[in-house]
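Laboratory data are not the source of any read-out in this text; all were calculated from the coordinates shown. None of these values were measured; they are calculated from a predicted model. Neighbour counts are summed over all protein chains in view; Cβ atoms, including those assigned to glycine, are modelled from backbone coordinates with ideal geometry.
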Amino acid sequence: MRSKTAFKTFSDATNEVWFCCALVLTRVTLGVLFFTAGIAKFGGWSAAGYLNSATGPLASFFQSLAGSLLVDQLNLWGLILIGLALIIGLMVRPAGFFGALMMTLYYLAQFEQNTAHGYIDEHIIYALVLILLMAGGAGHVFGLDGLISGNLRKKKKLLTIFFG
């Protein structure tokens, strides 16, 4: 007798329509959050203040990055591109990976302030939701990943990593 996997148990207990709607709503909402955070950084914004106030075991590493134009641009464009990818459901896996990485770096830069109320703050929640979207193939539900991946499966197996 075969036992059920955790995914099979979850799948059997889930209302597919409601779950898909919640998944799309979560993906798009998080995408809008990232996109607007990136757009707000146009016009002279710098990560220097945030990085100079870094605390915790990696403080000297983050402080060494303060004032770097490259870091500022990577942050700004990373937020915008991750947001756009989540909104339209295109390349959700790489967007989820890099978004989770970015949120982890934000968390580590302010580690001592983040632990004032325990070890969990919004950056950890964002990272976990991005990992869920990445692993769950969220770009296939009302997203462009589903349209593209069907055509790619026949042609290039390697590219399916990006499109699910």
Flagged pairs (Cβ under 8 angstrom, 6 or more apart or on separate chains; first in the range 37-53, within 15 Å of residue 70 (Cα to Cα); second surrounded by 14 or more Cβ atoms within 10 Å (Cβ to Cβ) and among the aromatic types (Phe, Trp, Tyr)) are 51/62
Any idea which of (1) buried (at least 17 other Cβ atoms within 10 Å of the Cβ); (2) over 17 Å from residue 130 (Cα atoms); (3) without any contact (Cβ under 8 Å) to a residue 40 or more places away in the chain; (4) touching a Leu at 6+ places or on another chain (Cβ under 8 Å) is the one residue 95 doesn't satisfy? (2)
Residue that is in a helix (DSSP H, G or I), among the small types (Gly, Ala, Ser) and out of contact with any helix residue (DSSP H, G or I) (no Cβ under 9 Å at 6 or more places or on another chain), where the choices are 31, 44, 49, 99: 49
Of (1) among the polar types (S, T, N, Q); (2) without any contact (Cβ under 8 Å) to a residue 40 or more places away in the chain; (3) buried (at least 19 other Cβ atoms within 10 Å of the Cβ), residue 110 satisfies all except one. Which? (2)
Assuming residue 102 fulfils every condition listed in (1) in contact with an Asp or Glu (Cβ under 7 Å, 6 or more places away or on another chain); (2) under 16 Å from residue 134 (Cα atoms); (3) among the hydrophobic types (A, V, I, L, M, F, W, C) apart from one, which condition is it? (1)
Need the failing condition index for residue 90 against (1) under 24 Å from residue 21 (Cβ atoms); (2) assigned to a helix (DSSP H, G or I), just the number. (2)
Inspect all residues belonging to the range 51-67 and state whether any of them is of a type in the set (A, V, I, L, M), surrounded by fewer than 17 Cβ atoms within 10 Å (Cβ to Cβ) and either touching a strand residue (DSSP E or B) at 6+ places or on another chain (Cβ under 8 Å) or more than 23 Å from residue 135 (Cβ to Cβ) (or both). yes
Result of the Cβ filter at 6 Å on the range 56-67, keeping first residues that are outside any helix (DSSP H, G or I) and partners that are crowded, with 16+ Cβ neighbours inside 10 Å, at least 6 apart or interchain, is 56/111; 58/108; 66/51
